[in-house]
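The values are calculated or read from the model by the stated rules, or taken from the named source; none is laboratory data. As the structure is a prediction and not an experimental result, all values here were calculated from the model. Glycine also receives a Cβ, built like all others from the backbone with ideal geometry; neighbour counts cover every protein chain displayed.
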Number of protein chains: 4
Amino acid sequence: MPDQPVARYTYLGPEGTFTEAALRAFVGTEQVDSEPAADVVSALEAVRGGHADLAVVPMENSVEGGVNVTMDTLAGSREPLVIVGEVVVPVSFVLAVVPGTRREDVRWISTHPHAWAQCRGWVARELADAAHMPATSTAAAAALLAERGREAGFDAALCSALSAQRYGLETLAEGVADNPHAVTRFVVVSRPGPLPEATGADKTTLMVHLPDNEAGALLTMLEQFAVRGVNLSRIESRPIGDSLGRYSFSMDLEGHVAEERVAAALIGLHRVCPLVRFLGSYPRWDRRAPHMAPGTHDADFVAAREWVEDLRAGRV
Amino acid sequence: MPDQPVARYTYLGPEGTFTEAALRAFVGTEQVDSEPAADVVSALEAVRGGHADLAVVPMENSVEGGVNVTMDTLAGSREPLVIVGEVVVPVSFVLAVVPGTRREDVRWISTHPHAWAQCRGWVARELADAAHMPATSTAAAAALLAERGREAGFDAALCSALSAQRYGLETLAEGVADNPHAVTRFVVVSRPGPLPEATGADKTTLMVHLPDNEAGALLTMLEQFAVRGVNLSRIESRPIGDSLGRYSFSMDLEGHVAEERVAAALIGLHRVCPLVRFLGSYPRWDRRAPHMAPGTHDADFVAAREWVEDLRAGRV
Amino acid sequence: MPDQPVARYTYLGPEGTFTEAALRAFVGTEQVDSEPAADVVSALEAVRGGHADLAVVPMENSVEGGVNVTMDTLAGSREPLVIVGEVVVPVSFVLAVVPGTRREDVRWISTHPHAWAQCRGWVARELADAAHMPATSTAAAAALLAERGREAGFDAALCSALSAQRYGLETLAEGVADNPHAVTRFVVVSRPGPLPEATGADKTTLMVHLPDNEAGALLTMLEQFAVRGVNLSRIESRPIGDSLGRYSFSMDLEGHVAEERVAAALIGLHRVCPLVRFLGSYPRWDRRAPHMAPGTHDADFVAAREWVEDLRAGRV
Amino acid sequence: MPDQPVARYTYLGPEGTFTEAALRAFVGTEQVDSEPAADVVSALEAVRGGHADLAVVPMENSVEGGVNVTMDTLAGSREPLVIVGEVVVPVSFVLAVVPGTRREDVRWISTHPHAWAQCRGWVARELADAAHMPATSTAAAAALLAERGREAGFDAALCSALSAQRYGLETLAEGVADNPHAVTRFVVVSRPGPLPEATGADKTTLMVHLPDNEAGALLTMLEQFAVRGVNLSRIESRPIGDSLGRYSFSMDLEGHVAEERVAAALIGLHRVCPLVRFLGSYPRWDRRAPHMAPGTHDADFVAAREWVEDLRAGRV
């Protein structure tokens, strides 16, 4: 049996980020050919340029919402990319310090602004005098602290347990999170190719421009889903960028484009929207099958189409 | 070249009805193999039984509304029939009498109740003392008057000019009609077979049961048309017959089932409605092409389907 | 204690019709000041002109559908009338003859065309050779048969049991009806005045012209009901009369205009439709209260209005 | 004439931010009692606590989208705040350095991540080797550079012209912006009190939870606007925070709650949504009056309400 080439991964680095943890959860093994990228744009460009086969990047967080740079970079280029998988990981932080730092010494805490937003309550309660120093990632804060120690300009990092361990930091507090159920959803992105097979519990990600700027355009778009019984599990508006009040919508549908109802909804969108970008059909992380309304199963579409074919042929 | 068999017509008789006039307008010649039927049910059953190839029957009148017996008989049987054409004829009446009858002698006027409804204002104005004697058709009133004269039990008939002429009656008034623009629409019905070709100005007739009896079921059905840009030119409710408050809907769509948007709407209906009866696609009498909203032309559907096929094949 | 004036009723006559039976069911007593009218128009005009206080006329039948003349006459005049009550009565017929007539003698049967339509199956089965002779009402057929006997021109009448008894006819068959659950709904009509009080199980009848003639206009109208959770128990299209394809809609809503959700729906209709005719709010015959969706009770509307009043006053 | 107390403003500081520029544009004078706040939360809390009367904070940017912390902080507390005005300012940056720095010396550029996102293209073109160092605000980057010079850890700041001037920095490039039409919209926030008067060109800001989590819930909410002809000028989803897939919606409507159509839409939302937060009605910065569909003017609502009042009183 010939060797199958090993997929080369990249991810939002540096090492030790939650994104790396998501990557490991996705591949399910310790061993993986992976390289961190400096930021989301770089990770996705590495795939576009063929320097990596797959990129793992954050898509949304249950507290902070969508990750704009991921949505915009996925949808924004002429070189298409598609999502082939997702991973949802719980998010809680550790307060990491260089060995010897005591809790009462912590005045400045560095972390990514999104992480800060998710720990603000905890900090106010536990370290009322501490202030935030922004970092480009939670792992970057940990790495800088490990490298420069007290010279880093801050006293502690809020980062993943993986980061603290990787960079040899000491942990002053664990499970730091204002919302104990917070999760982040990551997506696995590749260049276009054969789609992941439909599993019966899939998602399809789209980016859509509305037919026009008037009242009712969003309603018109949503009706294309409603009449085919397609549910949305995520919808976020993004500015188109040319003026206030002009939006595109980033959405996840429940279902796979190989399913009839999803295909029918996409056909409808393509007819009425000036721009529809397909960003992938892929298995849900939670394997939860969607609720299907009567008349929306594949068999219903097939039977209806055959009926119309019969009518057209005069077999009434 | 072999002789093409001549189509055998039947129509709502007796001879001289507006329906016969409609039949002559439809075939466009004097010569036609046709036989009157006693009523709408008999005309349609003659086609079902193979005794005639085509039946011409009234479908709706601009003043009186739909002809229930036609709608119910077309839709109601297990033996399907389809509409292959329509004819719209202006409706006005003549006041016909046996020669010698004077206007002041007219006390009882016989005609079909629908005809009476369309002339009530004229009678009230011109013959205030005259009363109505119902007949099974306008032509039947004329025939009976010609046959029995004063023994008929009435003094005049409100009928078509064709009837008066055919039965040798004298005309005391012409153009009798409360609404001078009144028209009746007739349909030409056959057993199922190859459909009339799409002309770009067609109608499709359906009978549909609603998905359920709750609020919003009618809305749900109409949305199947709206999202594909299909217009309705007629919609009438008919009782399903088992209790009050349960309706089927008889409808004419603008378009031919061979057109993409109509096919898509029918597919949607078939999925969500417990019963959809196709009653034919056929050319409009007025040859008026429908207004097409952007994104609803055949080419839009074809392009959208090809796009989805590409997506499914991994060609994003 | 002063005498309360006794209401003077009229109804679709002659004596012995189902309409008279409905009137007796409505008033609940044998004694009633009532007078038959020659037809629906005459009954309603008698109320308009003050010659009667209340008219009982048929509105719809579970087999035959709406009674066009009632819908059109109620809605059509500048002199408004309103419905103040409804009655639903089961409809089955007797085959009435002059004493001595045997079943095998029956060749011609007279009755109203609607009654004929409801007994066609029975006649085909039981008296295959008998033919129809139309009458202006089932009772008129009975009366004429009683009056003229064999000279009437027909041998039997299909009429109500009340008619047969009233006119001294003999009954050859009872319970004649193709559909044993057939019912007819009658309405009780008066000149405008204080509305019947809301009972929690009421109907409101309207006649509405659509905002325009285009696709989606019917959808737009129905959405005014849907967003307020108002159900329709009857909807029928009627031609406006000026050309084919232009309809008004006759509708019954579940609820009373004194209820908030109905008032809100009417306000919405009045804003978007060129013509809305209110034809009464009145108790349902079956006393069945409507299903109320969450957020559609009177208290929900009141609370929401108070909240907006607070906002407008700066009390956020 | 007695002195009117001067309003005390706070804004997203430090001094020199675009927010301070927006504040000056809003008050229209040089003289204003204002104090910078460390972040958006602090600015809004200062108003909540009575330490300031009004806060100016960023709401959305035509390139980056909504400012989550502003939406979340406005809507998230039990202590309500309302928007009383808006300001839209064009956004372009200057590349500011300590005097003497040359373009070729610039390796690290500090600025707020949103500003970086809006200048990424320009930097890639003009200073291909330069990297980003995040700052809490554009002005903070400028202030730090002015204070520490080369010790700041970066070589240049992308900030407003006002910041560069205020902190005595030199400008290497002006008008830096990938999108020359980029604007940011700021809102002026106060404690609740009498609303700004309706001007005919107003906005109303809301935060709404959907009735349920199922398909169609968003559609249901949007229909409440559509049936009253209310346009949305902004809609953004925000996670509710308890799990993925649960959203609230932050929205701006065209119109003032003092207007009938807006009040009617709010009444509808209050009935069907579990939570509706009113966040103010205030004049549009661009003074552009909304397009009003037929039947949606105040007079239409008043006339319709009066009609229903008449019906209820028996005056049909």
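Return yes or no: is D:SER160 under 21 Å from the mean Cα position of the chain (by Cα), within 14 Å of chain A (Cβ to nearest Cβ) and either farther than 25 Å from D:ASN68 by Cα or among the small types (Gly, Ala, Ser) (or both)?
no
For the range C:63-100, which positions are of a type in the set (Ser, Thr, Tyr) and either within 11 Å of the chain's Cα centre (by Cα) or modelled with pLDDT of 95 or more (or both)?
The one that is of a type in the set (Ser, Thr, Tyr) and either within 11 Å of the chain's Cα centre (by Cα) or modelled with pLDDT of 95 or more (or both): C:THR70.
Suppose the filter is at negative phi, more than 14 Å from chain D (Cβ to nearest Cβ), in contact (Cβ under 8 Å) with a residue 12 or more places away in the chain and not in a helix (DSSP H, G or I); does C:PRO80 pass it?
No: the conditions fail for C:PRO80.
Residues to consider are C:GLY28, C:GLY16; find the one that is surrounded by fewer than 19 Cβ atoms within 10 Å (Cβ to Cβ), away from every other protein chain (no Cβ under 14 Å) and on the phi > 0 side of the Ramachandran plot.
The match here is C:GLY28.
Among C:VAL227, C:VAL208, which is the only one that is facing another protein chain (nearest Cβ under 7 Å) and buried (at least 21 other Cβ atoms within 10 Å of the Cβ)?
None of the other options fit; the residue is C:VAL227.
Only one of these conditions is not met by A:ARG234: (1) over 17 Å from D:LEU218 (Cα atoms); (2) within 7 Å of another protein chain (Cβ to nearest Cβ). Which number is it?
So A:ARG234 meets the others, but not (1).
Is it the case that some residue within the range C:209-216 is assigned by TED's automatic domain parsing to the domain that holds C:VAL27 and charged (D, E, K, R)?
no
Restricting the search to the range A:1-46, which residues are within 26 Å of D:ALA117 (Cα to Cα), among the aromatic types (Phe, Trp, Tyr) and touching a residue at least 60 places away in the same chain (Cβ under 8 Å)?
Residue satisfying the conditions is A:PHE18 alone.
Taking the range C:241-255 only, how many residues are closer than 27 Å to D:ALA264 by Cβ and either of a type in the set (D, E, K, R) or at the interface with another protein chain (Cβ under 8 Å from one of its Cβ atoms) (or both)?
Adding up the residues that qualify gives 2.
Give me a count of the residues in the range A:211-231 that are within 28 Å of A:THR184 (Cα to Cα) and in a loop (DSSP other than H, G, I, E, B).
3
Got a sec? Which of A:ALA258, A:ALA265 is within 14 Å of chain B (Cβ to nearest Cβ), of a type in the set (Gly, Ala, Ser) and surrounded by fewer than 24 Cβ atoms within 10 Å (Cβ to Cβ)?
Going through A:ALA258, A:ALA265 in turn, just one is within 14 Å of chain B (Cβ to nearest Cβ), of a type in the set (Gly, Ala, Ser) and surrounded by fewer than 24 Cβ atoms within 10 Å (Cβ to Cβ): A:ALA258.
Can you name the condition, by its number, that C:ARG148 falls short on among (1) touching a strand residue (DSSP E or B) at 6+ places or on another chain (Cβ under 9 Å); (2) more than 30 Å from C:VAL188 (Cβ to Cβ); (3) at pLDDT 90 or above?
Result: C:ARG148 fails condition (1) only.
Kindly evaluate C:PRO58 against the criterion of being buried (at least 20 other Cβ atoms within 10 Å of the Cβ), more than 16 Å from the chain's Cα centre (by Cα), within 28 Å of C:HIS181 (Cβ to Cβ) and modelled with pLDDT of 90 or more.
In short, no.
Residues to consider are B:ALA289, B:ALA299, B:ALA304; find the one that is facing chain A (nearest Cβ under 7 Å), out of contact with any Phe, Trp or Tyr (no Cβ under 7 Å at 6 or more places or on another chain) and of a type outside the set (Phe, Trp, Tyr).
B:ALA304
Which helices (runs of 4 or more DSSP H) does the range A:87-200 wholly contain that include 2 or more residues that are free of Cβ contacts under 8 Å to residues at least 60 places away in the same chain and closer than 24 Å to D:ALA141 by Cβ?
In the range A:87-200, A:113-126, A:138-148 are the helices (runs of 4 or more DSSP H) which contain 2 or more residues that are free of Cβ contacts under 8 Å to residues at least 60 places away in the same chain and closer than 24 Å to D:ALA141 by Cβ.
Count, please, the residues in the range D:4-62 that happen to be among the hydrophobic types (A, V, I, L, M, F, W, C), in contact with a helix residue (DSSP H, G or I) (Cβ under 9 Å, 6 or more places away or on another chain) and in a helix (DSSP H, G or I).
6
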